[in-house]
Amino acid sequence: MTPAKRALVTGASAGIGRAFAAALAAAGYTVTAVARRADRLAELLSEMGPGHDHLVADLSTADGVRATTDLLTREHYTVLVNNAGTAVHGDFAATPLDDSLAVLDLNCRAVVALAHAFLAGAEPGAALVNVSSTLGHTPKPGMSVYSATKAFVTSFSESLWHEQKARGVHVFALCPGVTATESQQADDVPSWLVQTPQEVVAHAIDALAHRKGPTVVSGRRNAVLTTVTRLLPRTAALALLGADREPAHRKGASSESALITPPNR
């Protein structure tokens, strides 16, 4: 008997997470959507139709992580999409430490906790998707902690891919590039380089279907740019990726930071 197709998607209220939930529902999965915003989750469920459910949980908190891992332990899911994440923008030394630690908690600690709860009971054919970023390969000055967390997610996922394949459990890191969502319109990026959340998720669904991994970069352009940047000398790559930032002594250092839910990764 074929097991029921059930998926849990975090960060499902907007952007890539919302697109994931919709795509998996359309593919016949029963979806549990997890996010902080109850109103957005209710709206998503009404669009997906009957049979799906949701969990209101803030994965930047211990209570939110616990509620979600309890659900993963109690229920049987065949797919987990670890998508929830956040970023802090600005020079690391000029931004509040608590903001950077919050990025670490959500982008790393929550990802590890949910992955562990899911994999402990995963059966052959199950799949874990950890949403990372092309910035995990090519760190960007001004987003130092975010880039570092995504390097962690990519490395973590690659190791899990190898560890879990003997069990028949598929793991991969999804690495989108610039993605246009409500929290990042990407007006300063050439349009040919910007993807929609639906385009990113289409690559992920294809990777799920064909068991691709351990790393899936969303689109040929992103793959080429990531490869080229990695081949450059490190100092040259950092200078290129930091070229849009003026030196702090020219623009005035600021202690303000914008902690946001990232649009794409």
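A few points about this structure:
- When Ala67 is tested against (1) among the hydrophobic types (A, V, I, L, M, F, W, C); (2) in a loop (DSSP other than H, G, I, E, B); (3) out of contact with any helix residue (DSSP H, G or I) (no Cβ under 9 Å at 6 or more places or on another chain), exactly one condition is not met: (2).
- Test: Leu55 is in a strand (DSSP E or B), touching a residue at least 60 places away in the same chain (Cβ under 8 Å), touching a strand residue (DSSP E or B) at 6+ places or on another chain (Cβ under 6 Å) and closer than 13 Å to Ala84 by Cβ: no
- Extreme residue, farthest from Val216 (Cα to Cα), among residues of the range 100-145 that are at pLDDT below 95 and in contact with a strand residue (DSSP E or B) (Cβ under 8 Å, 6 or more places away or on another chain): Gly142
- Residue check, Asp39 among the acidic types (Asp, Glu), at pLDDT below 95 and within 27 Å of Gln195 (Cα to Cα): no
- Test: Val169 is in contact with a Leu (Cβ under 8 Å, 6 or more places away or on another chain) and closer than 30 Å to Thr235 by Cα: no
- Out of Ala93, Ala148, Ala113, Ala126, one residue alone is free of Cβ contacts under 8 Å to residues at least 12 places away in the same chain and surrounded by 16 or more Cβ atoms within 10 Å (Cβ to Cβ). It is Ala148.
- Only one entry in Ala22, Ala26, Ala7, Ala14 is in contact with a Lys or Arg (Cβ under 9 Å, 6 or more places away or on another chain) and closer than 25 Å to Ser218 by Cβ, namely Ala14.
- Residue satisfying all of: in the range 58-75; in contact (Cβ under 8 Å) with a residue 24 or more places away in the chain and among the hydrophobic types (A, V, I, L, M, F, W, C); surrounded by the fewest Cβ atoms within 10 Å (Cβ to Cβ) among these: Leu71
- Of all residues in the range 207-265, those being modelled with pLDDT under 65, farther than 25 Å from Pro197 by Cβ and in a loop (DSSP other than H, G, I, E, B) number 8.
- In the range 6-18, residue surrounded by the fewest Cβ atoms within 10 Å (Cβ to Cβ) [restricted to those that are aliphatic (A, V, I, L, M) and under 14 Å from Ala84 (Cβ atoms)]: Ala14
The values are calculated or read from the model by the stated rules, or taken from the named source; none is laboratory data. This structure is a prediction, so every number in the text was calculated from the model and none was measured. Glycine gets a Cβ as well: all are built from the backbone with ideal geometry, and neighbour counts include every protein chain shown.
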